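So the structure is just underneath, and the comments pick up after that.
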Amino acid sequence: MDNFRFHIPTEVIFGRGVEDEVGAVAAKYGTRALLVYGQGSVVRSGLLDRVKASLEKAAIAVEAFGGAQPNPTLTHAEEGVQKALSFGADIIIAVGGGSAIDTAKGIAHGAANPEHPLWSLWTKQVPLTKSLPVGAVLTMPAAGSEMSDSAVLTNTDLGRKAGINTPFNRCRFAVMNPAYGATLPPYQLAAGVTDIMMHTMERYFIPDARCDLTDEIAEGLLRTVIKNGATVVADPSDYDAMAEIFWASSLSHNNLTECGRGKDFSVHKLGHPLSARFGVTHGASLAAVWGAWAEELYRDCPARFARYARSVWGVDEADDLSAAKEGIEKTVGFFRSIGMPVTLGELNVGVTADDLRQLSLDATMNDTLRLSRIRPLDAAATEKIYRRALS
Ligand code: NZQ
Ligand code: ZN
């Protein structure tokens, strides 16, 4: 087991009706709240008004800033920074999914450091040494941003989707009422289920370190998401199944499943260029490449893939290579069964063989970054995976 640090400062308030508690918890951190939301689902559900009322009851002044889009942009976050500054916000609260939360995190960093361009903080050309407190009222189980130390924005000028990991990204509180998941479209839910699984799998397929407890937590989480994920995609009004998925979303990406092992996020690095250049929904970008990624790497560590197949999918096969292959097939089959694309072609966004070199250069930062701790993948190996994923 490798050395690790584990510190999660996020207060979780979970269950039916908890949105009415936002004011009480936010009052610990601020008196002027900028509410950040997306394209309007929280207006239609009435959640935004309930959150506003709860904040005002706690004597917190409120200003709203909507318009975060899926794969949120740097430009929009920069607009939010100006709004936060002119309002004098001392706390930023997201109401929505990962896109609203990541925008809120960007606004918090930018508003606390107005003398620096947000992108220079985001890319660590300027060290981030302070930020404003951020809270989240979650409506969608997927990104795990409500407890994660990361945030992702797209710089549309550069065609680059980039994340930043920093303790300043940890929300002070996450308010989660799974009942709000009932209005999610099946495709978004399926993409969310895929993303949740992937956040644990990106920490699981790391060879060598022995971590029995972390493995058991990861495998239990994956089994829970597979079982309840299929249920919520079929019936998003199933509260108990949705509650399992909401909770799994937070635990899958708060570092719990990497203790003693670490992570590499190689599949995410393959997915982000597809979102940046083709606007692909995040979870779908991962489903479209995972099978090709696994096919490329499972022979390098068959025992790890075989353990996954047996523990998560109940594969009953003594030979490691055969078990590993069956586990991969079952995973891809599951993604397909919940309506996810499992090839680049199925994304239906027009990716062709001519795009693969550029995507590989994007994923490897012009061939300077090596993906995967199973085997370092350069741009050529990355292109091979994209090619395998084409159809
Ligand atoms: O914008 P609105 O109108 O709210 O609609 C959203 C959006 O269209 C809708 N939605 C959300 N909750 C809903 C709902 N519709 C009906 N009922 C509800 N209860 O769903 C759509 C997708 O929302 P979005 O916030 O984009 O989804 P998600 O939570 O998957 O976030 C995706 C973003 O998070 C990033 C992704 O890259 C992507 O940009 N990630 C952030 C991470 C982090 N900060 O730790 C980690 C992840 O790996 C991921 O990269
Ligand atoms: Zn993700």
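The values are calculated or read from the model by the stated rules, or taken from the named source; none is laboratory data. Quantities reported herein were computed from a predicted structural model and do not represent experimental measurements. When we count neighbours, we look across all protein chains shown, and the Cβ atoms used for this are built from the backbone with ideal geometry, even at glycine. Note: accessible area is taken over every heavy atom of the protein model, side chains too, but ligands, DNA and RNA are not part of it. Shrake-Rupley method; radii C 1.70, N 1.55, O 1.52, S 1.80 Å.
Flag: E219 matches the condition of being away from ligand 1 (no atom under 14 Å from the Cβ), assigned to a helix (DSSP H, G or I), assigned by TED's automatic domain parsing to the domain that holds V342 and touching a residue at least 60 places away in the same chain (Cβ under 8 Å). Count of region 258-314 residues, restricted to those that are part of a helix (DSSP H, G or I), among the β-branched types (V, I, T) and within 11 Å of ligand 1 (Cβ to nearest atom), is 1. When the criteria are applied in full, L213 meets the requirement of being open to solvent by 10 Å² or more (accessible area, probe 1.4 Å), out of contact with any Ser or Thr (no Cβ under 6 Å at 6 or more places or on another chain) and away from ligand 1 (no atom under 16 Å from the Cβ). The number of residues in region 270-280 being open to solvent by 10 Å² or more (accessible area, probe 1.4 Å) and either over 21 Å from Q69 (Cα atoms) or within 11 Å of ligand 2 (Cβ to nearest atom) (or both) comes to 1.
Residues that are acidic (D, E), assigned to a helix (DSSP H, G or I), open to solvent by 10 Å² or more (accessible area, probe 1.4 Å) and out of contact with any strand residue (DSSP E or B) (no Cβ under 6 Å at 6 or more places or on another chain) do occur in region 374-386. Scanning region 240-269 for residues that are open to solvent by 20 Å² or more (accessible area, probe 1.4 Å) and in contact with a helix residue (DSSP H, G or I) (Cβ under 6 Å, 6 or more places away or on another chain) gives E244, E258, K263, F265, K269. Considering region 1-89, the qualifying helices (runs of 4 or more DSSP H), each wholly inside and each with 1 or more residues that are of a type in the set (D, E) and either within 16 Å of A104 (Cα to Cα) or open to solvent by less than 50 Å² (accessible area, probe 1.4 Å) (or both), run over 74-87.
Per-residue answers, yes or no, for (1) over 21 Å from A33 (Cβ atoms); (2) near ligand 1 (Cβ under 7 Å from one of its atoms):
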| residue | (1), (2) |
| --- | --- |
| V152 | yes, yes |
| T156 | yes, no |
| T166 | yes, no |
| C171 | no, no |
| A174 | no, no |
| Q188 | yes, yes |
| A191 | yes, yes |
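Of all residues in region 143-168, those being on the phi > 0 side of the Ramachandran plot and within 13 Å of ligand 2 (Cβ to nearest atom) number 1. Based on this model, can you work out whether S237 counts as among the polar types (S, T, N, Q), crowded, with 18+ Cβ neighbours inside 10 Å, at pLDDT 95 or above and within 23 Å of E146 (Cα to Cα)? When the stated conditions are applied, S237 does not pass them.
Against the definition (farther than 20 Å from I101 by Cα and out of contact with any strand residue (DSSP E or B) (no Cβ under 7 Å at 6 or more places or on another chain)), how does V280 come out, yes or no?
No: the conditions fail for V280.
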